[in-house]
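> Structure provided below as structure tokens; questions to follow.
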Amino acid sequence: MIYRENGQFKTSYGADQQIFPIAQDRWAVLAIIAFAFIGVPLLADEYMFRAILIPFLILSLAALGVNLLVGYCGQITLGAGAFMAIGAYAAYNFLIRIDGMPLLGALILGGLTSAAMGILFGIPSLRVRGLYLAVATLAAQFFWDWAFLRIKWFTNDSSSGSVSVSNLDFFGWTIDAPAEKYLFCLGMLVVFGLLAKNMTRASIGRQWMAIRDMDVAAEVIGIRPMWAKLSAFAVSSFFVGVAGAMWGFVHLGSWEPAAFSVDRSFQLLFMVIIGGLGSIVGSFFGAAFIVILPIFLNQMLPALGGLFGVSISTAAVSHAELIIFGVLIVFFLIVEPHGLARLWATSKEKLRLWPFPH
Amino acid sequence: MKIRSLALAVSMATIGLTSAVTSTAAFAQAKEQFFPVLVYRTGAYAANGNPWANGYVDYLKLVNAQGGINGVKLSFEECEFGYATDRGVECYERLKGKGATVFQPLSTGVTFALTDKAPVDKIPLITAGYGRSESQDGSVFMWNFPLLGTYWVAADVAIQHIGKQAGGLDKLKGKKIALVYHDSPFGKEPIPMLQERAKMHGFELMLLPVAHPGVEQKATWLQIRQNRPDNVLLWGWGVMNSTALKEAQATGYPREKMLGVWWAGAEPDVKDVAAGAKGYNALALQHSAEPKSKVVADVLAQVHGKGQGTGPKEEVGQVLYMRGLISAMLAVEGVRKAQERYGKGKVMTGEQVRWGLENMNLDQKTLDAMGFAGVMRPVQTSCLDHMGASWVRIQTWDGSKWVPGNDWYQADEKLLRGMVLNASRKYAEEKKITPRTPEQCKQ
């Protein structure tokens, strides 16, 4: 009833092609962004920021990057964790080795290094597809895991192999309070999200999707597979690299290669599969599902037990958390194999017809 | 179906948000000293994490049974993090919001992550027998307390012991010593000290990393079989230790020539191998298995006897149980010391507990009175020395139990001090910290 575009006439190409053609969508998104920038910093406490919101924002950015490659270009990758690590370590080295390197400069350079490595490790995609490509990208994961553990130069000869960054300074703004970190991550995410959305609507995104849907047909109509695939690897790795650098700099503060292990790669891939392949909003849903749900279960189960007067041991809660989390993944994949984003789209469709469905 | 599941998802998310918000706000009670307990009762390191957590919690219960700290009762809450650094940080944030005044993460990775947060949050960090070695220097690491020993102490004592067995440190020249280590900050910590010692005595150091969680060590032990090092130092944790011992057995490497760090010297590490591990030595962080000590008798009578014990009764007094118990005792004594200055019978803040930990002085009489006779030696901390003691024994597995040796070792003070100061000054420079002067220390 409320959610309906009756009476909204598009009188120009610009109006027809905007990201949210329906006015209600547009206002809702703007309201959400405004709330995230103004309302959340007023409401949330330190725990919310540090343990939930900041990891969620940064991993959303990483999932966005993975989605560009896997969801839009159809190239499966299991090396996302490695590209996060490259971004983090490259940014770290730029920051400490070059005097006066600004934070944003280090993050961007970290992303660019990651993009360059993405192109390098994307080369096999020109020859192999599907599962074989997944295995080839897994090689990137193991190689970089090894490199950051063994090559001391990357970690500035730190004896423990752990590196740390502090005193984040963004054009004179010292980012140290949790709310500031949150705003910084949110700002980055909004910029990169807009960038990703527009890229997928532009020529480059259409090329990726053509390659994903049928690469032979795409080649016939004049799309260069090499350019399309390698650009997808580069852009995706750039996003993931920046996210990795932010994960190290803003969220962890000090980290070791284990922070970007193969588990992280799987986690990111699951995020885009559960959230929705080839959907920008799906990346956010997926990240929320994977980041927030386990923590929520971990806190809810003892509280739920307390409600019924049962005290559950820490180990039992932890086991139950894994079981329920696994069951929910299977449940959502059965109910909606196209991910939470499709579920979201379906419900919007229903809402438009409500209260008079066919 | 789809709409229903969507509704389900939305309602769950709402509950999640509200519970997350309210749970942090609801805990604001005042009259209890809150002790956060970071544990890992699941995952690859659960076998070792469990007894430690049981000992920790049992001691807190014992203190409560004896009337608390000058009347202040202790409350505690466990948070499971599975030895994963990011979940450990999440637990820290969660329990910090509930009024935590001292943290003990039992993970070197988490310690590194929290070292930068502790000064901001004003919560001291006790890392009894682990953590950053250079954090012994309290003038730079104001909030870190690697009480009882660090990995540099362990590495130093390990070489002293090997030297003693060889008939003197000068006899180490030309020998080959292999370090089989967990490939994480924990395993890498001893390397600088071992390299320093290798330079001094002219032995060759072989570095053999083992990837997490350490169940795959065939290649490592193949190298040992080929190179036949004179001694093997085992720097493992969890399932890595028993795997290493099984591999040593399969390779035919003499267990007597193997020396584990104190995290590789507990019952879960050897009991699967039992007779196969006979003769294996490990460092003991002062205590070994202490089933006969008075404090264990107290726990059995006053906690387990009333049906309030944590974990199986048979494990009370085992090595890691004792480590957890002693860790809890150190935290409690820090609070007690702080109460002496800031008011007995009051709940202490993080800053006050920090002062208590920095000025802790547990002499033998006090320790004996608390039931730690024969378990521990005196601990005295100061601004410059946040470690307090560096006593180490060597214990041997006889096939069914750990037997502590009679010799007490101490780290070479001169060597250790130099390395600690070098590393801590470098850290201070990186982080732009001005080390506290002796005058500032007195405050």
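> Check every one of the helices (runs of 4 or more DSSP H) wholly within the stretch A:1-88 and list those with 2 or more residues that are touching a residue at least 60 places away in the same chain (Cβ under 8 Å) and under 30 Å from B:LYS96 (Cα atoms). Before you say what the answer is, go through the steps one by one.
Values: elements: A:13-17, A:23-34, A:40-43, A:54-67.
Here the list reads A:40-43, A:54-67.
> In the stretch A:334-354, which residue that is of a type outside the set (D, E, K, R), touching a helix residue (DSSP H, G or I) at 6+ places or on another chain (Cβ under 7 Å) and assigned to a helix (DSSP H, G or I) is nearest to A:ILE295 (Cα to Cα)?
A:LEU340
> Any residue in the stretch A:311-329 that's within 14 Å of A:PRO294 (Cβ to Cβ): show its pairings with residues that are polar (S, T, N, Q) and crowded, with 19+ Cβ neighbours inside 10 Å at Cβ separation under 6 Å, as long as the two are six or more apart or on different chains.
A:SER318/B:THR42; A:GLU321/A:ASN298
> Can you name every residue in the stretch B:401-419 that is under 21 Å from B:ALA266 (Cα atoms) and either part of a helix (DSSP H, G or I) or in contact with a Lys or Arg (Cβ under 9 Å, 6 or more places away or on another chain) (or both)?
Answer for the stretch B:401-419, where residues must be under 21 Å from B:ALA266 (Cα atoms) and either part of a helix (DSSP H, G or I) or in contact with a Lys or Arg (Cβ under 9 Å, 6 or more places away or on another chain) (or both): B:PRO404, B:GLY405, B:ASN406, B:ASP407, B:TRP408, B:TYR409.
Residue-by-condition table, conditions (1) surrounded by 24 or more Cβ atoms within 10 Å (Cβ to Cβ); (2) in contact with a His (Cβ under 9 Å, 6 or more places away or on another chain); (3) closer than 29 Å to B:GLN249 by Cβ:
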residue	(1), (2), (3)
B:ALA289	no, no, yes
B:ALA297	no, no, no
B:MET322	yes, yes, yes
B:ALA338	yes, no, no
B:ARG341	no, no, no
B:LYS346	no, no, no
B:MET360	no, no, no
B:GLN364	no, no, no
B:ASP368	no, no, no
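> Can we say B:PHE112 is touching a residue at least 60 places away in the same chain (Cβ under 8 Å) and surrounded by 24 or more Cβ atoms within 10 Å (Cβ to Cβ)? Give the derivation first.
Working: touching a residue at least 60 places away in the same chain (Cβ under 8 Å): yes; surrounded by 24 or more Cβ atoms within 10 Å (Cβ to Cβ): yes.
Yes, satisfied.
> Separate question: Of all residues in the stretch A:38-53 being at the interface with chain B (Cβ under 10 Å from one of its Cβ atoms) and closer than 15 Å to B:ASP86 by Cα, which is farthest from the chain's Cα centre (by Cα)?
Looking at residues that are at the interface with chain B (Cβ under 10 Å from one of its Cβ atoms) and closer than 15 Å to B:ASP86 by Cα, I get A:TYR47.
> Let me ask you something else. Of the numbered conditions (1) farther than 25 Å from B:LEU38 by Cβ; (2) within 9 Å of chain B (Cβ to nearest Cβ); (3) surrounded by 16 or more Cβ atoms within 10 Å (Cβ to Cβ); (4) hydrophobic (A, V, I, L, M, F, W, C), A:PHE296 fails exactly one; give the number of that condition.
It is condition (1) that A:PHE296 fails.
> Hey, among B:ALA7, B:ALA25, B:ALA30, B:ALA65, which residue is more than 22 Å from A:HIS319 (Cα to Cα), surrounded by fewer than 21 Cβ atoms within 10 Å (Cβ to Cβ) and modelled with pLDDT of 85 or more?
Only one candidate passes the filter, namely B:ALA65.
> Sticking with this structure for a sec: Could you run through the stretch B:189-204 and say how many residues are without any contact (Cβ under 8 Å) to a residue 60 or more places away in the chain and within 14 Å of another protein chain (Cβ to nearest Cβ)?
Residues in the stretch B:189-204 being without any contact (Cβ under 8 Å) to a residue 60 or more places away in the chain and within 14 Å of another protein chain (Cβ to nearest Cβ): 3 in total.
> Quick check on this structure: which one of B:LEU194, B:LEU147 is surrounded by 17 or more Cβ atoms within 10 Å (Cβ to Cβ) and under 22 Å from B:TYR45 (Cβ atoms)?
Values: B:LEU194 fails: under 22 Å from B:TYR45 (Cβ atoms).
The conditions single out B:LEU147.
> Checking the condition crowded, with 24+ Cβ neighbours inside 10 Å and farther than 22 Å from B:SER184 by Cα, which residue from B:PRO124, B:PRO105 passes? Steps first, please.
On the way: B:PRO105 fails: farther than 22 Å from B:SER184 by Cα.
Among B:PRO124, B:PRO105, only B:PRO124 is crowded, with 24+ Cβ neighbours inside 10 Å and farther than 22 Å from B:SER184 by Cα.
> Could you check the stretch A:226-243 and list, in sequence order, the residues that are under 23 Å from A:GLY187 (Cα atoms) and in contact with a Ser or Thr (Cβ under 7 Å, 6 or more places away or on another chain)?
Selection gives A:SER237, A:PHE238, A:VAL240, A:GLY241.
> I need every pair where a residue in the stretch A:156-177 that is farther than 16 Å from B:PHE112 by Cβ has its Cβ under 9 Å from the Cβ of a residue that is in a loop (DSSP other than H, G, I, E, B) and acidic (Asp, Glu), sequence separation at least 6 or different chains.
A:ASN167/A:ASP176; A:LEU168/A:ASP176
> Only one of A:SER279, A:SER283, A:SER237, A:SER254 is among the hydroxyl-bearing types (Ser, Thr, Tyr), closer than 30 Å to B:HIS182 by Cβ, buried (at least 21 other Cβ atoms within 10 Å of the Cβ) and under 22 Å from the mean Cα position of the chain (by Cα). Can you tell me which?
The unique qualifying residue is A:SER254.
> Being surrounded by fewer than 19 Cβ atoms within 10 Å (Cβ to Cβ) and within 22 Å of the chain's Cα centre (by Cα) is true for just one of A:VAL330, A:VAL335. Which residue is that?
Answer to the selection: A:VAL330.
> Moving on to the next point. Within the stretch B:45-60, does at least one residue satisfy the condition of being among the aromatic types (Phe, Trp, Tyr), out of contact with any Phe, Trp or Tyr (no Cβ under 9 Å at 6 or more places or on another chain) and either closer than 24 Å to A:ALA259 by Cβ or touching a residue at least 60 places away in the same chain (Cβ under 8 Å) (or both)?
Within the stretch B:45-60, one or more residues are among the aromatic types (Phe, Trp, Tyr), out of contact with any Phe, Trp or Tyr (no Cβ under 9 Å at 6 or more places or on another chain) and either closer than 24 Å to A:ALA259 by Cβ or touching a residue at least 60 places away in the same chain (Cβ under 8 Å) (or both).
> With the stretch A:139-232 as the region, which helices (runs of 4 or more DSSP H) entirely inside it contain at least 1 residues that are among the aliphatic types (A, V, I, L, M) and under 18 Å from the mean Cα position of the chain (by Cα)?
Those helices (runs of 4 or more DSSP H) span A:178-201.
> Residues B:TRP402, B:TRP397, B:TRP355: which one is without any contact (Cβ under 8 Å) to a residue 24 or more places away in the chain, out of contact with any Gly (no Cβ under 6 Å at 6 or more places or on another chain) and surrounded by 15 or more Cβ atoms within 10 Å (Cβ to Cβ)? I'd like the intermediate steps shown before the answer.
Working: B:TRP402 fails: without any contact (Cβ under 8 Å) to a residue 24 or more places away in the chain; B:TRP397 fails: without any contact (Cβ under 8 Å) to a residue 24 or more places away in the chain.
After applying the criteria, what remains is B:TRP355.
> Next question. Could you list, in sequence order, all residues of the stretch A:305-338 that are in contact with a Pro (Cβ under 7 Å, 6 or more places away or on another chain) and either facing chain B (nearest Cβ under 10 Å) or farther than 21 Å from B:ASN54 by Cβ (or both)? First the steps, then the outcome.
First pass over the stretch A:305-338, keeping only residues in contact with a Pro (Cβ under 7 Å, 6 or more places away or on another chain): A:312, A:317, A:321, A:325.
Of everything in the stretch A:305-338, those that are in contact with a Pro (Cβ under 7 Å, 6 or more places away or on another chain) and either facing chain B (nearest Cβ under 10 Å) or farther than 21 Å from B:ASN54 by Cβ (or both) turn out to be A:VAL317, A:GLU321, A:PHE325.
> Can you name the residue in the stretch B:36-79 that is among the acidic types (Asp, Glu) and within 14 Å of chain A (Cβ to nearest Cβ) and, of all such residues, is farthest from the chain's Cα centre (by Cα)?
Ranking the qualifying residues of the stretch B:36-79, first place goes to B:GLU77.
> State whether the residues of the stretch B:147-154 include one that is in a helix (DSSP H, G or I), more than 29 Å from B:TYR40 (Cβ to Cβ) and in contact with a helix residue (DSSP H, G or I) (Cβ under 7 Å, 6 or more places away or on another chain).
no
> Go through the stretch B:225-271 and report how many residues are more than 25 Å from the chain's Cα centre (by Cα) and either within 21 Å of B:SER107 (Cβ to Cβ) or buried (at least 24 other Cβ atoms within 10 Å of the Cβ) (or both).
1
> Report, ordered by the first and then the second residue, all pairs with beta carbons closer than 6 Å, sequence separation of six or more or different chains, a first member in the stretch A:196-223 that is farther than 27 Å from A:GLY14 by Cα, and a second member that is β-branched (Val, Ile, Thr) and crowded, with 16+ Cβ neighbours inside 10 Å.
Pairs found: A:ALA218/A:ILE211.
> Look at the stretch B:93-114 and say how many of its residues are closer than 19 Å to A:VAL165 by Cα and either touching a His at 6+ places or on another chain (Cβ under 6 Å) or more than 7 Å from chain A (Cβ to nearest Cβ) (or both).
4
The values are calculated or read from the model by the stated rules, or taken from the named source; none is laboratory data. Given the structure is predicted, the values throughout are model-derived calculations rather than measurements. Counting neighbours? That spans all protein chains shown, and the Cβs are built from the backbone with ideal geometry, glycine included.
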